[in-house]
1. For the range B:147-186, place one equal point scatterer on every Cα, skip the solvent, and apply the Debye formula. What is log10 of I(q)/I(0) at q = 0.16 Å⁻¹?
2. Of A:Gly117, A:Gly329, A:Gly14, which has the largest mean-square fluctuation in a 10 Å C-alpha GNM of chain A?
3. Rounded if a/c is under 1.5, else prolate if a/b is larger than b/c, else oblate: which is the range B:1-114, with a ≥ b ≥ c the root eigenvalues of its Cα gyration tensor?
4. How big is the C-alpha Rg of the protein assembly as shown next to the rule-of-thumb value 2.2 N^0.38 Å, as a ratio?
5. What does the convex hull of the Cα atoms of the range B:1-51 come to per residue, in Å³, rounded to a whole number?
6. Any idea what Rg and Dmax come out to for the range A:51-117 if you just take the C-alpha atoms, in Å?
7. Take the Cα radius of gyration of the range B:152-268 and divide it by 2.2 N^0.38 Å, with N its residue count; two decimals is plenty.
8. Provide a whole-number value for the mean count of partner chain Cβ atoms within 10 Å of the Cβ atoms in peptide A:25-31.
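No value in this document is a laboratory result; all are computed from the given coordinates. Since the structure is predicted, the reported quantities are computational estimates derived from the model, not experimental observations. Glycine also receives a Cβ, built like all others from the backbone with ideal geometry; neighbour counts cover every protein chain displayed.
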There are 2 protein chains.
Amino acid sequence: MKTLKDLRPVYVVGIGWHGYQDRSDTPYVTLGLTAARAALQDAGVPFSAVDSAYIARALLGMACGRPILRHLGATGLPITHVENASASGSTAFRNACTEVASGLADTALVLGVDKPGAVVRAESQSGIEQLANDYIVPFTHFALLADKYVARSGADMRDIAQVAVKNHNNGALNPHAQRQRPRTLDEVLGARRVSGELTVLQCTPVGEGAAAVVVMSEDAIRAHGIDPGRAVRVLSSAAKSQAVYDDATAFDELLTQATCLQALAEAGVAPSALDVVELHDAFSIEEVLYVEAMGLCKPGQAISALKAGEFHIGGRVAVSPSGGLIAMGHPIGPTGVGQIAEIALQLRGEAGPRQHPNARTGLAHMVGVGAVCYAHVLSI
Amino acid sequence: MKTLKDLRPVYVVGIGWHGYQDRSDTPYVTLGLTAARAALQDAGVPFSAVDSAYIARALLGMACGRPILRHLGATGLPITHVENASASGSTAFRNACTEVASGLADTALVLGVDKPGAVVRAESQSGIEQLANDYIVPFTHFALLADKYVARSGADMRDIAQVAVKNHNNGALNPHAQRQRPRTLDEVLGARRVSGELTVLQCTPVGEGAAAVVVMSEDAIRAHGIDPGRAVRVLSSAAKSQAVYDDATAFDELLTQATCLQALAEAGVAPSALDVVELHDAFSIEEVLYVEAMGLCKPGQAISALKAGEFHIGGRVAVSPSGGLIAMGHPIGPTGVGQIAEIALQLRGEAGPRQHPNARTGLAHMVGVGAVCYAHVLSI
């Protein structure tokens, strides 16, 4: 089978957000339109140039993209709604890349948009009784993984909380972030406990927002006179779901490892060559597990690397310079799209006060409930 | 830009349903598993042969495919959930075809599954006040279009109701149909009125169910030793959304026309060459409008062709031999997938008592709320 790199090249040429924020009365159409318009304006192309649109959302109802796109014009383009829980935006981005890379479209718009509503997990609709009442909510799952990491590594919860300190400080530099306040270690540790040792400042907030990217072929870049120096190449796209692993309790790490290593291998990029990474840090412990799983440091070295500043903006590799899910926020549908936009911004050198110097290559990583995982490698 | 036919050939090699039915206590996982297992068994391949899975659903919550597929094995394949209202299944099928045609996968599973729940249309969540209370529910929209057709064509509602008579009779030959009872014209006309002149037997029922197809490349067909004589080629895939038309009140017909004519042109197939068509007959008037729009007869000739038996099984072209949305049912997520399965069954000559003789070429057509439209042309 082929990979994305075997097809024609695909580039991110436009990015935009509606800032992630606490739930509000803002109509979801306004959220989505703001991000879509920003991405089109950033690309410098009209909506009529878009051949295909993908809408990522997990919480909104049927056909939510149409009332948004209608404001941009009724051009007749194909519209597809994609959902993969937290990885919805990453999945929509992958689909758009596939369509452009295969030649079926020259220009695609990917728009992630969501508002908190009645969050429904399908499993609760399954009609199948649990054999035991063993369902563990996500924050408790990750609180248990934090305990496990502490037990096996010798780190303590103060160490793991350093993830949140870094990401809140990054978020404070990001005008699109839901949380824009720098936090000290004492503040993070002293915040309200959510589950186990995890405090609310170590968990992603509930919120809403939108993010959009415009994806193009080289033909379209030339046709629209887009500056190729601002076009960010999508080197690879990997998608997996949970498999059977030797250590079932480590499935988060093992799924991330398999997916990211495939994306890196297909891109021909070593983990050590990554300058910027946006990863799924819905809970602080996740970043610790995933930087090791994706090879940003050796197993067991995440805490020492973090404390040495290696994952800070300006460090060896900037991890979640946007603020990550902890500070940038995680409105679900937009999150994976926003990661791509952040990496594109960084690789263009346009990230302002949160710019990581000399960023050339980046990776975006998302996990979705039900254990799907996506990784994309981009470069300029 | 390329079309599907410019990429490598794609085939439907496995089909399966869980019968469409009135809402019940059957878990959605059971519905989906039944269809997926049937499609894999029909193809004669294990789940481990599937490289990528697409789940179509509109009414179920986040990540609903995972609890279904988990029963088939945790092989690590990519899983994508797609939603496009009534066209969800058609969209998922298109995505799977794109992935196989581009070479990113050799074998893909498309599973549509849904259960009635709290049906939410996104527009009701938009937070935007209507300028006027002008929202028209679908059955009233189509009741008005029926009135308009009567006014312009000289047909009467008895003529339009013949669509429902034909489709109920087809459904009576289909063990997977939600409605399996033949109906006389008097029964159709005498049933409870839903809106305007439309009776309940001229409207698709609310229901649940599942449908699945396995899509493959030629490489995979050879590798798995599949009988190429039972592999149905996907000649083209067209997707559009509503554009600006000269006659805004005819957007249903004009969108269908543009989409179907593009699918036929890309396939190199004339409308007159179609043997089998499954179309979006959620309301009887729709079939009348769409057979004209897609060129199965001349404008204004739908009623006379229908009454002459041209659209019956064994007629010039069998329209909705499955029973269509009126009798087969319309569980939303599965519908577009089930259409592809019905056409594949017909083209293989395996449709038993509802077999249309010498079926070689078919078209599947679906519309989704928010005005998206999909058309696929298949041949054997």
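1. -0.47
2. A:Gly117
3. It is prolate, given that a/c is not under 1.5 and a/b is the larger ratio.
4. 0.94
5. Residue-normalised Cα hull volume stands at 132 Å³.
6. 11.7, 37
7. 1.47
8. That average works out to 3.
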